[in-house]
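The values are calculated or read from the model by the stated rules, or taken from the named source; none is laboratory data. Since the model is a prediction, treat every value here as computed from it, not as a measurement. All Cβ positions, even for glycine, are placed from backbone atoms using ideal geometry, and neighbour counts span all protein chains on display.
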Amino acid sequence: MTLIKSISGIRGTIGGSQGDNLTPSDIVKFTIGYSRWLRERNPERRLSVVVGRDARISGEMVCNLVHGALMGCGIDVVDVGLCTTPGVEMAVTARKADGGIIITASHNPRQWNALKLLNERGEFLSDADGHEVLDMAERGMAEFPGVDELGVVIERASFDDEHIDRVLALPLVDVDAVGAKKFRVIVDAVNSVGGIVIPRLLERLGVEVVRLNCEPTGDFTHNPEPIAENLTQIMEAVRKGDADMGIVVDPDVDRLAFVCENGELFGEEYTLVAVADYVLSCTPGDTVSNLSSTRALRDVTERHGGKYFASAVGEVNVVAKMKEVGAVIGGEGNGGVIYPELHYGRDALVGVALFLTHLAHSGASMTELRRSYPEYHMAKGKITLRPGMNVKEILARVKEEYAGEKVTDIDGVKIDFADSWVHMRSSNTEPIIRVYSEAHDKAAAEELNRRFIAKIEEAAHA
């Protein structure tokens, strides 16, 4: 079964059986459920929804179904076409829309797609709102509008340039300083919308751009998740190409990773750490990341005199915590930067602009900048869910065994040891249990990961 309904959206593989995969009927069903949710919140006026998509092969098909379902429910469509996830989020408020639908499965492989649902603030739905939408999808619409009340497409226009304009207008983005450095950068956009917007942003920053996998065909050259085993091509290109750095984004451009000038990864966990270091040097305050993110953000935050807070995994949870504590910067260790001065959403464009400003001001190389941060190593493992596996019961058994340690259970189970930690939780996007661990030493992190994968398997058979 590959249809997953969570705070990260309605996500599944294209084709197959209705209710088990993301089929045309499922796409229409969940769009109608979302439409009903919007209508019940706003019963007296005409509504509009922004719709944008990444470059996946299935994107046009899904987009057409979403457009039709929305219009059939009497809702107008603002079509921003090929657009990043953060671009759609910003377009919701810029166009004064009542919500948004982003058609993307983010880092998932090419056979996947998804509907990511936004509220009127351009933010992902809360868990409670998401469950309402799912319930309404099961119940369907009680009554559909007649021909004179059908929705229409009220605008078809790209939002990319407006997004870039707003990033470059931020006070902490120093276009002149970046341009003066004459950086040479290789960009790997995994054949999606990042291949349109990231080079355009860089060129406006005065950066020389070398494009790699930037044609938005949707036929991904490599697995689109921006992790080490998928990035050998750009690592080799940077190493041989006399480049100052490499930039990697996922298909919907909300995750960001860097490659150092020597071809080694900067580390996706350190994307947020470096950007936060720069922001905190200019704007003292607090930070937030999720429970699965590196301790280095806590260390850097405290170095600047701020406080660090952790949230459950998921952008909506990070945003809620950031608003609660008034954080000036936050995000997730998967390369997701959330800068509230622009908007409350993970945004690779603002991450690129702030990072390059930081690099330009520091006068350091990528490797020198990376060495300036606390050294941690993370290991990431997973267990594919099998029929009959009860994740809550399994993790409760592990939690009980470690009751004497510092345990956090707001999202799965995280156990903090003096010099390391391990976090075990169900994925919001795949039918797996994720196991993340971190320590100062790579071997120790990997051993901790193996040990707790074994403990989960042991608990599953108890």
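For (1) outside the structural domain of K455 (by TED's automatic domain parsing); (2) loosely packed, with under 15 Cβ neighbours inside 10 Å, each residue gets a yes or a no:
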position	(1), (2)
H361	yes, no
S365	yes, no
R386	no, yes
N390	no, yes
I394	no, no
K399	no, no
Y402	no, no
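Listed conditions (1) closer than 20 Å to S311 by Cα; (2) surrounded by 16 or more Cβ atoms within 10 Å (Cβ to Cβ) are all met by I410, apart from (2).
For segment 115-222, list the helices (runs of 4 or more DSSP H) that sit wholly inside it and hold at least 2 residues that are more than 28 Å from H358 (Cα to Cα) and over 23 Å from the mean Cα position of the chain (by Cα); which are they? Write out each step before concluding.
Values: elements: 127-139, 160-168, 175-181, 194-204.
It comes to 127-139.
Among residues of segment 183-209 that are more than 23 Å from D219 (Cα to Cα), those with a Cβ under 7 angstrom from a residue that is at pLDDT below 95 and not basic (K, R), sequence gap 6+ or separate chain, pair up as R184/D242.
Would you check which residues across segment 175-187 are surrounded by 19 or more Cβ atoms within 10 Å (Cβ to Cβ) and out of contact with any Cys (no Cβ under 8 Å at 6 or more places or on another chain) and list them? The answer is V178, F183, V185, I186.
Do you know which residues across segment 157-179 are within 23 Å of D79 (Cα to Cα) and out of contact with any Gly (no Cβ under 7 Å at 6 or more places or on another chain)? Listed by number, the residues that qualify are A157, D161, E162, I164, D165, R166, V167. Among the numbered conditions (1) part of a helix (DSSP H, G or I); (2) under 23 Å from V253 (Cβ atoms); (3) among the hydrophobic types (A, V, I, L, M, F, W, C), the only one that L70 does not meet is (2).
Return the only residue of G151, G122 being under 13 Å from T85 (Cβ atoms), touching a helix residue (DSSP H, G or I) at 6+ places or on another chain (Cβ under 6 Å), modelled with pLDDT of 95 or more and small (G, A, S).
Numbers: G151 fails: under 13 Å from T85 (Cβ atoms).
After applying the criteria, what remains is G122.
Do you know which residues across segment 424-446 are out of contact with any helix residue (DSSP H, G or I) (no Cβ under 9 Å at 6 or more places or on another chain) and closer than 24 Å to R386 by Cα? Those that are out of contact with any helix residue (DSSP H, G or I) (no Cβ under 9 Å at 6 or more places or on another chain) and closer than 24 Å to R386 by Cα: S427, N428, T429, E430, P431, I432, R434, E446. When I432 is tested against the conditions (1) more than 26 Å from L265 (Cβ to Cβ); (2) of a type in the set (V, I, T); (3) surrounded by fewer than 19 Cβ atoms within 10 Å (Cβ to Cβ), the lone failure is (1).
Looking at segment 223-255, which of the residues that are in a loop (DSSP other than H, G, I, E, B) and aliphatic (A, V, I, L, M) is nearest to the chain's Cα centre (by Cα)?
Going through segment 223-255, the residues in a loop (DSSP other than H, G, I, E, B) turn out to be 223-227, 231, 241-244, 250-255.
Checking which are aliphatic (A, V, I, L, M) leaves us with 227, 231, 243, 253.
Numbers: I227: 14, L231: 18, A243: 27, V253: 8 Å.
Restricting to residues being in a loop (DSSP other than H, G, I, E, B) and aliphatic (A, V, I, L, M), the top hit is V253.
Mind telling me which of the residues G351, G335, G381 ends up being assigned by TED's automatic domain parsing to the domain that holds S427 and either on the phi > 0 side of the Ramachandran plot or small (G, A, S) (or both)?
Details: G351 fails: assigned by TED's automatic domain parsing to the domain that holds S427; G335 fails: assigned by TED's automatic domain parsing to the domain that holds S427.
Checking each option against the conditions leaves just G381.
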